[in-house]
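Report on one structure; see the data block that follows.
The values are calculated or read from the model by the stated rules, or taken from the named source; none is laboratory data. Small disclaimer: the values here were computed from a predicted structure and weren't measured. All Cβ positions, even for glycine, are placed from backbone atoms using ideal geometry, and neighbour counts span all protein chains on display. Keep in mind that these areas ignore ligands, DNA and RNA; they rest on the heavy atoms of the full protein, side chains included. Shrake-Rupley method; radii C 1.70, N 1.55, O 1.52, S 1.80 Å.
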Amino acid sequence: VALPSLRINDQLEKLPSITKNVRKGGLTMAPETGSERLRRVINKMISQQDLVNGAKAAIENGYTTIKFYMMLGLPTENEHDIHESARLLNNIAQMARAMGRKNMDINVTVSIFVPKSFTPFQWEPMCDRATIERHAALLRSLIKHKSIRLRIGDYPTSWLEAVFSRGDRRLSRVVE
């Protein structure tokens, strides 16, 4: 059983036990950031404890992989937020190890925040490349467990996504 990205609340704690009698692949969570402060900024009301409890339930019920979707370049992001993301991931890896799960994989896909039209952040600028690269390098340097695999998005691709998502019909001539 492979579950899609799930809402992180008490359902996440209960769901792994419901599937405990079937062969499992991975459990996916999309906290967007490991920083509770930054999650409040983007109105994603998930506590650190919710994330840890969800991961613990998955580990206890035999999941072999936990996947996280996160972002870099969110509005008001700073280096402290990057430290918080790394701390959360390292703590979950350490918890899995302490629970006897040496084969646990923690896969983290980190996208670059692209402001989109008709969203609360539509007028926010996209974070500059130098800051994204500095934050990505910092996050990589802070990850301490081999069980954590980071995949960080490509800035040029995200920049093009921003251009296309904010463009209007005049952009079609550029695409052609």
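Remarks
- Given the chain, longest segment not containing exposed loop trypsin sites (Lys or Arg not before Pro) (DSSP; at most 10 other Cβ within 10 Å): 24-101
- In the chain, lysine pairs with alpha-carbon atoms under 25 angstrom apart (chain gap of 8 or more, or interchain): 25
- Charged-residue dipole, Cβ positions (Lys, Arg, Asp, Glu), the range 90-166 about Cα centre, Debye nearest 20: 520
- Proximity of backbone amide H atoms, modeled 1.01 Å from N, is registered between Gly26 and Leu3 at under 5 Å, excluding neighbours fewer than 5 places apart on the same chain.
- For the range 95-144, with all protein chains in place and a probe radius of 1.4 Å, 56% of the accessible heavy-atom surface sits on carbon or sulfur.
- Matching label, Rg and Dmax of the Cα atoms in Å computed from the structure shown, candidates (i) 15.3, 45; (ii) 17.5, 57; (iii) 19.2, 57: (ii)
- Under 5 Å between amide hydrogens, built in the peptide plane, is the criterion, and for Ile112 it picks out Leu72, Gly153 among residues at least 5 positions away or on other chains.
- Each Lys and Arg contributes +1 and each Asp and Glu -1, all at the Cβ; summed about the Cα centre of the chain, the dipole is approximately 600 debye.
- Residue by residue, the range 111-126 carries 3J(HN,Hα) couplings of 8, 9, 4, 10, x, 10, 4, 6, 10, x, 9, 4, 9, 6, x, 6 Hz when phi is fed to the Karplus relation 6.51 cos²θ - 1.76 cosθ + 1.60 (θ = phi - 60°); x denotes Gly or Pro.
- Average accessible area per residue (Å²) across the chain - probe 1.4 Å, nucleic acids and ligands excluded: 56
- A dipole drawn for the chain from +1 and -1 charges on Cβ atoms has a positive end, and of His135, Thr119, Tyr63 the residue lying farthest that way is Tyr63.
- Computed lengthening from Phe164 to Thr119, 0.36 nm per intervening residue step minus Cα-Cα distance: 14.7 nm
- Listed values for the range 74-83 are Karplus-derived 3J(HN,Hα) couplings in whole Hz (6.51 cos²θ - 1.76 cosθ + 1.60, θ = phi - 60°), namely 5, x, 6, 4, 9, 5, 4, 5, 5, 4, and x replaces Gly and Pro.
- Put simply, the convex hull of the Cα atoms in the range 24-87 casts, on average, a shadow of 4.2 nm².
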